[in-house]
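Inspection log for the structure reproduced underneath, given as structure tokens.
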Amino acid sequence: MTWETVIGLEVHVQLATQSKLFSGSSTRFGAAPNTQASLYDLAMPGTLPVMNEEVLRMAVSFGLAVDAEIGQRSVFDRKNYFYPDLPKGYQISQLDLPTVGRGTLKIQLEDGSEKIIAITRAHIEEDAGKSLHEDFQGMSGIDLNRAGTPLLEIVSDPDLRNAKEAVAYLKKLHSIILYLGISDGNMAQGSMRCDANVSIRKKGDTEFGTRTEIKNVNSFRFVEKAINYEVQRQIEILEDGGRIVQETRLYDSDKDETRSMRSKEVANDYRYFPEPDLLPLVIDDAFIEAVRATLPELPGARCQRFVSQYGLS
Amino acid sequence: MLSKTVAELATALAKKEVSSVELTQAYLDRIAQLNPALNAYVTTTPELALSQAAAADAQRAAGNATPFTGIPVAHKDIFCTRDVLTACGSRMLANFTSPYDACVVERLQSAGAVMLGKTNMDEFAMGSSNESSYFGAVHNPWDQDRVPGGSSGGSAAAVAADLCAIATGTDTGGSIRQPASFCGITGLKPTYGRVSRWGMIAFASSLDQAGPLSKSAEDAALMMNVIAGADARDSTCLDIPAEDFSAQLNQPLTGLRIGLPREHFSDGLSSQVQEILQLAIKTLESLGATVKTVELPNNHLSVPAYYVIAPAEASANLSRFDGARFGYRCENPVNLEDMYKRSRGEGFGDEVKRRIMVGTYALSAGYYDAYYKQAQKIRRLIKQDFDTAFKDVDLILGPTSPHTAFKLGEKNSDPVTMYLEDIYTIAVNLAGLPGISLPAGMLGGLPIGMQLVGPALSESRLLNVAHQFQLNTDWHTQRPEV
């Protein structure tokens, strides 16, 4: 039987602002634990978020670079769950009205042809802190330096058909964010993190198969290997007459395999609701045009210019 | 001396009839004498108060006095205070000292006010009787078997019993106005966004607003002059120029159009309370006001809508109390889930847990549209009702509460009975409007308030009308024998 792979990517890009999304703390990487955590980052009672406008500028510049609709009115929501590295007990994100709406990204396939990948949306959200499980004699330490760092979560449609396309898409995204200067894109330090939604279906089917989500794959090479492993795993299950369980899986690069992370857990209910501590972000045309005026020449455009201007091929 | 208003005390201080240190010491003595019975304060800060008073006296001597220089005030224990416990009525925060001051605290301190201590309150401001406090109920100074109202019950009792000159409070569904009514004092809930919420522990962020509990409308205006105004640390705080709330206090009421909501003067309101309100209306008419009936057709939906929205927001706001970084942590947790469950299970009281559960349910997948979304629609309808009414009238007058202070223990067995306490006040929060409660009469030896509600940012008008009423009546000057 011939199988077709269907992949959608969720890419978290840490925006290269000086200070955090909703507080004045520094976002510098590598400082001693909890030295870059303000009262707000610690979720002290009575503290409130204040939007960092630079984040908005960066999100809009990304939106313009991928020809996306810019939400004239975007709204923050609370995503509720308990975890020690999430000090407020909710993450401020954007659900129904993200700052960046539908856009497109053109990728080049191995045979030289081009393919357009649809970007579903890109929304602004806070990063969580980190749990440190070593050196605490049976307890865990929490480092909140990263908590509140601005992220842009870029979600693609399930338009990618194999691991190589996924890598091409990621590399293209990577070059765009570097050109825009909105992130250092360092995957090893987690400035760019990728979750892959992978499913397979019989060639010719119109319905999608059940997907699994592979979390936090931190290099281009691992994305390719993780997807290939996962596709092979799913094919084997289906060809043995089994069925795919919708679940989150973790890629282990040492063993080159994906493992179930939350198989027993029922679907999380994040109880999203509009963040009452922040007003909706109203973005006017003047702001958008001001951002547009600062955009550098993007890789695709530069490539085209070189081709036409210098007759390169 | 201790029963004087802020305005009177400011004059006495200016004339050097008394120093701030003497005044502060006199309040501290009275607190030491009466607080064991009333339980209005959970924390007193005598040393800090006396040092602030000495500094205020020095500031005055140097010729730099404001109307608040040396005035002894009390803060509701929901406002974060650096170096002083901020327990918010909860076991969860019984050991909590905030590393910073709330905006309201900071502004009063900069104006030269002296902090006497922190006042008792319903746990996390959830209650209408002050009985949900982890630190025990507050007793109403007019009758110690009765509640002072809530959630700012400690502040209201402290002002009424002359345990401070004026106090801060917060109002999410009536928590300033209802205790003001029960204790015979004046309480103002400002327009949403007038006063910064920075440092005020959140209950329901879209409804919470800080305001004064005072002995007169004139005093409420004086405190508003200090605490209101833009603050970049609160994105919902209105970025509008500061206002002098005292400037409009002596306007005549000629031509003032007062609306009486049909829904507030119908069943549910006793004939005695109606009579008291009618007398108050006559006083205002004699000063030149006219009255007409207005409709607030969706008012009956305000309590159910509020008890979806407020718990929903609270369920998220209170998630940070998890035992990890501050506040109560259970003994010997065996793992993370155990720490969460027992810290929150043991740290929160019943009413707080009830509201967290209700709010969590209302936001859950499959219920969100039926509850939270529906409640938001009702909220818009309620706002529209007021907008329509304010096309014809300048302000709306009605009862603050259906009755006078009830007995301790009388209503805390049935949450819904308690929730209906706020039937006249809750719509005002849902619409984000300013409302003031001021003493309008006495019933069986207990004070009862009336509520004035105005359009957004009409505090000056409300304060002027209340002040004119107080110039012509003496309900606000009556004090309980404690």
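The values are calculated or read from the model by the stated rules, or taken from the named source; none is laboratory data. As the structure is a prediction and not an experimental result, all values here were calculated from the model. Here the Cβ positions follow ideal geometry from the backbone for every residue, glycine too, while neighbour counts run over all protein chains shown. Note: areas computed on protein heavy atoms with side chains; ligands, DNA, RNA excluded. Shrake-Rupley method; radii C 1.70, N 1.55, O 1.52, S 1.80 Å.
Descriptive notes on the structure:
- Long-range tail of P(r) for region A:3-310 (Cα pairs > 29 Å, %): 40
- Of the residues A:THR206, B:THR236, B:THR11, the one with the largest accessible area comes first in the ranking A:THR206, B:THR11, B:THR236, computed with a 1.4 Å probe on protein heavy atoms.
- Full-extension gain in nm, B:ASN95 to B:ASN332, via 0.36 nm per residue minus C-alpha separation: 83.5 nm
- A 1.4 Å probe over all protein chains sorts B:LYS76, A:LYS172 by accessible area into A:LYS172, B:LYS76, starting with the largest.
- Lysines whose Cα lies under 20 Å from that of B:LYS15, excluding same-chain neighbours fewer than 8 positions away: B:LYS4
- Radius 12 Å from Cβ of B:VAL303, net charge of other residues (Lys, Arg +1; Asp, Glu -1): -2
- Of the whole protein surface, A:ARG102 contributes about 110 Å² of accessible area at a 1.4 Å probe radius.
- Exercise: per-residue mean of other protein chain Cβ atoms within 10 Å, A:82-91: 5
- Look at where the Cα atoms of region B:395-418 and of region A:155-212 average out, and the two centres are 58 Å apart.
- Full-extension gain in nm, B:ASP143 to B:MET1, via 0.36 nm per residue minus C-alpha separation: 48.8 nm
- Cα centroids of region B:447-467 and region A:214-259: 65 Å apart.
- Rounded to the nearest 5, the antiparallel percentage of DSSP beta bridges internal to chain B is 65%.
- When you count the other C-beta atoms within 10 angstrom of each residue and take the mean per peptide, A:88-99, B:143-154, B:22-33, B:54-65 line up highest first as B:143-154, A:88-99, B:22-33, B:54-65.
- Euclidean distance between Cα centres, region B:10-77 to region B:183-248, Å: 22
- Legend: mean number of C-beta atoms from other chains within 10 angstrom of residue C-beta atoms, peptide B:411-423, equals 0.
- B:LYS16 - accessible surface, heavy atoms, 1.4 Å probe, Å² rounded to 10: 150
- Solvent accessible area, Å² - B:PHE406, 1.4 Å probe, full protein context: 10
- Remark: the B:VAL291-B:ASP474 segment gains 63.6 nm on full extension, using 0.36 nm per residue and subtracting the alpha carbon distance.
- Given B:LYS189/B:LYS282; B:LYS292/B:LYS407; B:LYS215/B:LYS353; A:LYS20/B:LYS383; B:LYS292/B:LYS383, the pairs whose alpha carbons are separated by over 28 Å: B:LYS292/B:LYS407; B:LYS215/B:LYS353; A:LYS20/B:LYS383
- Working ranking of peptides A:219-225, A:41-47, B:305-311 by packing, defined as the average number of other Cβ atoms within 10 Å per residue, highest first, is B:305-311, A:41-47, A:219-225.
- Shielding of peptide A:75-81 by partners, expressed as the average count of other chain Cβ atoms within 10 Å per residue Cβ, is 2.
- Of all DSSP bridge pairs formed entirely within region B:27-142, close to 40 percent run antiparallel.
- Charge dipole (region B:230-378, unit charges on Cβ, about Cα centre) - positive-most of B:GLY323, B:LEU249, B:ASN299: B:GLY323
- Environment charge of B:SER216, counting only residues whose C-beta is closer than 14 Å and scoring Lys/Arg +1, Asp/Glu -1: -2
- Net charge, B:VAL73 excluded, C-beta distance under 14 Å - Lys, Arg +1, Asp, Glu -1: 0
- B:ASP244, B:ASP267, ranked by accessible area, largest first (probe 1.4 Å): B:ASP267, B:ASP244
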